[in-house]
Amino acid sequence: MCGIVGYVGHGRALDVLIGGLKRLEYRGYDSAGYSLQTDHSLTVKKCMGRVADLENMDPGPAACATTGIAHTRWATHGEPSTINAHPHSDSTGRISLVHNGIIENYKSLRKKLLKKGISFDSDTDTEVLAKLVGSEVEKGKDLFTAVKDALAQVRGAYGIAVLSADQPSTLVAARYGSPLVVGVGQGENIVASDVAAIVSHTRNVIYLEEGEIVEITAGAISSSASDPKMSRDRIQHVDWDLAEIEKDGFDHYMLKEIYSQPESLRNAIRGRLDMEHGTAHLGGLDLTAEDMQSIRRIVITACGTSWHSGLIGKYVIENLSRVPVDVEYASEFRYRDPVLEDGTVMLVISQSGETADTLAALRLAKKRGIKTFGIVNVVGSTIARETDAGVYIHAGPEIGVASTKAFTSQTMILSLIALALGRAKGNLTRKEGQSICRDIMAIPDKVESILAGSEAIRDISRQFTYANNFLYLGRGVNYPVALEGALKLKEISYIHAEGYPAAEMKHGPIALIDDLMPVAVVAVKDAAYEKVISNIQEVKARRGRVLAIATEGDREIENLADWVLEIPSVDDMLVPILSVIPLQLLSYYVAVARNCDVDKPRNLAKSVTVE
Ligand code: G6P
């Protein structure tokens, strides 16, 4: 949610800010703005729309500024508009502030400031914070102290960067509940919501702690934390390849990410399979075989696509290890009073590692004494740091808002956990474990072979360009795949789509079926095959149009379905990693045919750091 960049150094701040915003645009893209500092004044430019529109604005003489802050917005308070865009200013216009997060008590703060005669231009919570900092500065405080004292009055979540016209070549940044990273360069420093905005300048970064406030100049960073001088031990090295955050010849990040799945899956598996003992080793979990044996229940918590991978995890873990698994929407879990008995552990799944609801669910579990394990993509993210232990999925940066490669890698990691647990619990023999290991190792090549058939998927997708509704069906471990297929389609093509367990169709959705209603069915040759075939018959009897995801060589289904997309056969529990691929491609091609902005779908954002 919202991207922030701040720069102080010797280079042209504007270039760093615009370049950084482009990298962060996946976080929000309804409006953008910057503030540049020159000769004791600030030049603020902002606009509705994309960073490219901001780039076209003329900054005047401030173009040569070497200090500045910038923002790309995903609206929470106040509609997308130029007035509501960040940066926001104090009453004198001598302070500029950009913010990611939500100030929960902004209404009461606003009332207090109004009473002091301070007026507001925008509908945002952020403007209240800017005015609050300004009113602290007016008391004669330096910017760092003013920010600190203003934040002491605030309740909510924030990542902020602040500039004052009166403190040249200095910016102040702070975080609580929203991510913020400082890139440590040579005679220049950058602050950003995400390392993606930093890596082209420096790979040395410091992740700010919860509640930390820093003052940043070109040559120094000082902090409110226990180590005010910010010792060099806090610097971490980011070893990303820049190519990972480029489109690399693909039309969209989403397509590139779909195509990178053979590689991302190899990275998820690498070094984690033990063929000899027919098990998996996930060093990051830091669990001995005895620890695993003592696990009596697993609670999985996540949001969105990560929740879908969690639901697959339930089927796979219960099947391979017989450990009961509950899968909870983090947003629900955090606001009820969950029963968490002894022997329960929590798996927290998040691509970004920053999702506000998921983080809150994790904190609740920790408070209740439950051991927590992260399945996270972004290294150094808040969830990765706050879980007791965890596994990185190593999918590499995911930039397309609709999650694809993170989903398959999360599902893969859950399968590895299920395998390790199944072996530790004695539910799987070594031979069975070895057979699963072999199937896991073959997955990346099988994904490659599905991708090689993408032309056929593109051709079929043309049938659905003008569809208004879509139903996705699956049973057992493929039911979450139906949910994920429907989510992908609605996210990027804006076609209404629903995922259902196939047998539930007759309890309602069947009423919707007619010759205009496409129904995608995962109908692979697994234990539920015959039942799914019956469900397809029910659709066909109502003149519905069926697109089947079927096992290679299945001739029966060809006579039944209108279109068939084949996937190679694999162990039943691993099918979702394959069956989701044609559905990802289908939604991609439909969205492209409908001229939708695939990587930046309307109203969405990649990293949801607000409730
Ligand atoms: C947003 C994204 C989804 C993602 C969800 C959870 O809604 O658009 O793609 O699945 O957040 O994000 P996380 O980073 O926690 O996996």
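The values are calculated or read from the model by the stated rules, or taken from the named source; none is laboratory data. Because the structure is a prediction, the values reported are computed rather than measured. For neighbour counting, all protein chains shown are included, and Cβ atoms are generated from backbone atoms with ideal geometry for every residue, glycine included. Please note that ligands, DNA and RNA were not included when accessible areas were found on the heavy atoms of the full protein model with its side chains. Shrake-Rupley method; radii C 1.70, N 1.55, O 1.52, S 1.80 Å.
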Inset, instruction - For residues that are open to solvent by 10 Å² or more (accessible area, probe 1.4 Å) and hydroxyl-bearing (Ser, Thr, Tyr), scanning just the range 455-479, find the one that is nearest to Leu282 (Cα to Cα). - result: Tyr479
Legend entry - Top-ranked residue in the range 487-531 [being without any contact (Cβ under 8 Å) to a residue 24 or more places away in the chain and among the small types (Gly, Ala, Ser); ranked as least open to solvent (accessible area, probe 1.4 Å)]: Gly508
Inset, instruction - Report yes if Val348 is open to solvent by less than 10 Å² (accessible area, probe 1.4 Å) and away from the ligand (no atom under 14 Å from the Cβ), otherwise no. - result: no
Inset, instruction - Test Arg336 against the criterion of being assigned to a helix (DSSP H, G or I) and away from the ligand (no atom under 13 Å from the Cβ), and give yes or no. - result: no
Legend entry - Filter result (open to solvent by 20 Å² or more (accessible area, probe 1.4 Å) and assigned to a strand (DSSP E or B)) within the range 159-212: Tyr176, Val184, Asn204, Tyr207
Legend entry - Scan of the range 213-246 for residues that are within 21 Å of Val379 (Cβ to Cβ), assigned to a loop (DSSP other than H, G, I, E, B) and open to solvent by 50 Å² or more (accessible area, probe 1.4 Å), ordered by number: Asp239, Trp240, Asp241, Glu246
Inset, instruction - Within the range 587-611, track down each residue that is over 21 Å from the mean Cα position of the chain (by Cα) and in contact (Cβ under 8 Å) with a residue 24 or more places away in the chain. - result: Tyr589, Val590, Val592, Ala593, Arg594
Legend entry - Only one of Gly278, Gly283 that is at pLDDT 95 or above and over 30 Å from Leu585 (Cα atoms): Gly278
Inset, instruction - Give, as residue ranges, the strands (runs of 3 or more DSSP E) completely inside the range 1-110 that count at least 2 residues that are touching a strand residue (DSSP E or B) at 6+ places or on another chain (Cβ under 8 Å) and open to solvent by 10 Å² or more (accessible area, probe 1.4 Å). - result: 41-48
Inset, instruction - Keeping to the range 276-313, report how many residues are within 16 Å of the ligand (Cβ to nearest atom) and of a type in the set (Ser, Thr, Tyr). - result: 4
Legend entry - Condition met for Val598 (of a type in the set (Val, Ile, Thr) and either within 16 Å of the ligand (Cβ to nearest atom) or open to solvent by 10 Å² or more (accessible area, probe 1.4 Å) (or both)): yes
Inset, instruction - Would you confirm whether any residue within the range 295-318 is over 24 Å from Val477 (Cβ atoms) and among the β-branched types (Val, Ile, Thr)? - result: no
Legend entry - Count - residues of the range 388-407 that are away from the ligand (no atom under 13 Å from the Cβ), open to solvent by less than 10 Å² (accessible area, probe 1.4 Å) and of a type outside the set (A, V, I, L, M): 0
Inset, instruction - Could you please tell me which pairs satisfy a Cβ distance under 9 Å, a separation of 6+ or placement on different chains, a first residue in the range 374-392 that is outside any strand (DSSP E or B), and a second residue that is within 11 Å of the ligand (Cβ to nearest atom) and open to solvent by 30 Å² or more (accessible area, probe 1.4 Å)? - result: Ala384/Val378
Inset, instruction - Check whether at least one residue in the range 322-330 is open to solvent by 20 Å² or more (accessible area, probe 1.4 Å) and within 11 Å of the ligand (Cβ to nearest atom), and report yes or no. - result: yes
Inset, instruction - Restrict the check to the range 357-365 and report whether at least one residue is part of a loop (DSSP other than H, G, I, E, B), within 11 Å of the ligand (Cβ to nearest atom) and under 15 Å from Lys606 (Cβ atoms). - result: no
Legend entry - Residue that is farthest from the ligand (Cβ to nearest atom), among those in the range 366-376 that are touching a Ser or Thr at 6+ places or on another chain (Cβ under 8 Å) and farther than 17 Å from Ile417 by Cα: Ile370
Inset, instruction - Identify, by number, the condition in (1) outside any helix (DSSP H, G or I); (2) touching a Gly at 6+ places or on another chain (Cβ under 7 Å); (3) open to solvent by 20 Å² or more (accessible area, probe 1.4 Å) that Arg423 doesn't meet. - result: (1)
Legend entry - Which numbered condition Val316 fails, given (1) more than 16 Å from the ligand (Cβ to nearest atom); (2) open to solvent by 30 Å² or more (accessible area, probe 1.4 Å): (2)
